[in-house]
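Here's the structure we're looking at; comments come further down.
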Amino acid sequence: MSISFETEQELAVFIGTVGRYFQTVGGVLPDFLAPTLETVLPARLDCTGYMPVSGRLEGWIALSLPSSLLRTLLDRLGEDRHDEAAQLDLVAEITSTLTSNARAHFGEHLRVAPPLASSASEFPDELPAPPLSFRLPFQLQGADAYLLVALQR
Amino acid sequence: MKLLIVDDSLIMRRAIERSAGRSRFSEIHTATNGLLAVEMFARHRPDVVTMDITMPDMDGLSAIDLILKQNPAANILVVSALADKGTAIEAVKRGALGFLLKPVTAESVHNAIENILSD
């Protein structure tokens, strides 16, 4: 399935925001792998943050990270709490930051709500699975992670 | 001196607390949303407030309005990930003294707070 021009632009925006975030906080740029189109929700990693979006674009953005990477990032922040609550809090905060940073491109058309986070086995009921989304996989410090962008016009 | 940190993320509140420097502030208070921030400001009268924008119950922009009604000279630093110019301009127009874009580093938080205190 081909990716439309607008989706390619959105993809570039999110590659930029993901790269900037992890370079600032993690000290290194992630290695981005080929993005894929998804019609069902991919398997979540240990912790996933969700950010509902409304306005010109409707849907949500999710970031799924393994615990090992979250522990490393907590260390980089100088945080000594590494438990699941801290990991979920951080993944929600990163998701919120990535989505909100994207407003530099989308402007106020992209209205955001406070983020949610869940462990791998859970998925918030209030977030319907999108008919189509793109998944941006990346690797950071040896760990696999991905950003899922589920937005509709 | 007193600092009030307003952010719905526990990890961010703790990171800002570490960055701000405990030696600078004898009291550090925290709030998880704008509504609690307004209450905490009235109770503790902090010298500096760091304010997130996107939060549940009451957002940071609304909280800035209510805090400045209590004290028009309040020192408020917005620490937000909202990267559009409109949000930054709106925050400053409402009376915030600075706007720090997330992700932040310990150094950028420390410097931004020092700048506000030196003005």
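Condition first: more than 16 Å from A:Q152 (Cβ to Cβ), within 14 Å of another protein chain (Cβ to nearest Cβ) and of a type outside the set (S, T, N, Q). Now tell me which residues in region A:29-72 satisfy that.
A:L29, A:P30, A:C47, A:G49, A:L63, A:L65, A:L70, A:R71
Report every pair of residues separated by at least 6 positions or lying on different chains whose Cβ atoms are under 7 Å apart, first residue within region A:7-34 and closer than 17 Å to B:D84 by Cα, second of a type in the set (V, I, T) and crowded, with 17+ Cβ neighbours inside 10 Å.
A:E10/A:V149; A:F14/A:V149; A:Y21/A:I94; A:Y21/A:T97
Can you run down the residue pairs with Cβ atoms below 8 Å, 6 or more apart or on separate chains, where the first is in region B:6-35 and under 20 Å from A:L74 (Cα atoms) and within 9 Å of chain A (Cβ to nearest Cβ) and the partner is part of a strand (DSSP E or B) and not charged (D, E, K, R)?
Pairs found: B:D7/B:T30; B:D7/B:T50; B:D7/B:V79; B:M12/B:V79.
From (1) surrounded by 21 or more Cβ atoms within 10 Å (Cβ to Cβ); (2) under 30 Å from B:G86 (Cα atoms), pick out the condition that doesn't hold for A:L65.
(2)
Within region A:142-152, can one find any residue that is within 11 Å of another protein chain (Cβ to nearest Cβ) and not in a strand (DSSP E or B)?
Initially, region A:142-152 is screened for residues within 11 Å of another protein chain (Cβ to nearest Cβ), giving none.
No: region A:142-152 contains no residue that is within 11 Å of another protein chain (Cβ to nearest Cβ) and not in a strand (DSSP E or B).
So which of B:I16, B:I5, B:I53 ends up being within 29 Å of A:A85 (Cβ to Cβ), aliphatic (A, V, I, L, M), touching a Ser or Thr at 6+ places or on another chain (Cβ under 6 Å) and assigned to a loop (DSSP other than H, G, I, E, B)? Give the derivation first.
Values: B:I16 fails: assigned to a loop (DSSP other than H, G, I, E, B); B:I5 fails: assigned to a loop (DSSP other than H, G, I, E, B).
Answer to the selection: B:I53.
Filter region B:63-99 down to residues that are modelled with pLDDT under 95, more than 12 Å from chain A (Cβ to nearest Cβ) and part of a strand (DSSP E or B) and give me whichever is farthest from A:G19 (Cα to Cα).
B:G98
For the condition within 12 Å of the chain's Cα centre (by Cα) and farther than 21 Å from B:K102 by Cα, what is the one hit in A:R44, A:R56? Full working, then the answer.
Values: A:R56 fails: within 12 Å of the chain's Cα centre (by Cα).
Sole residue among the options that is within 12 Å of the chain's Cα centre (by Cα) and farther than 21 Å from B:K102 by Cα: A:R44.
The values are calculated or read from the model by the stated rules, or taken from the named source; none is laboratory data. Bear in mind that the values here come from a model prediction, so they are computed numbers and not experimental data. We place every Cβ from the backbone using ideal geometry, glycine too, and count neighbours over all the protein chains shown.
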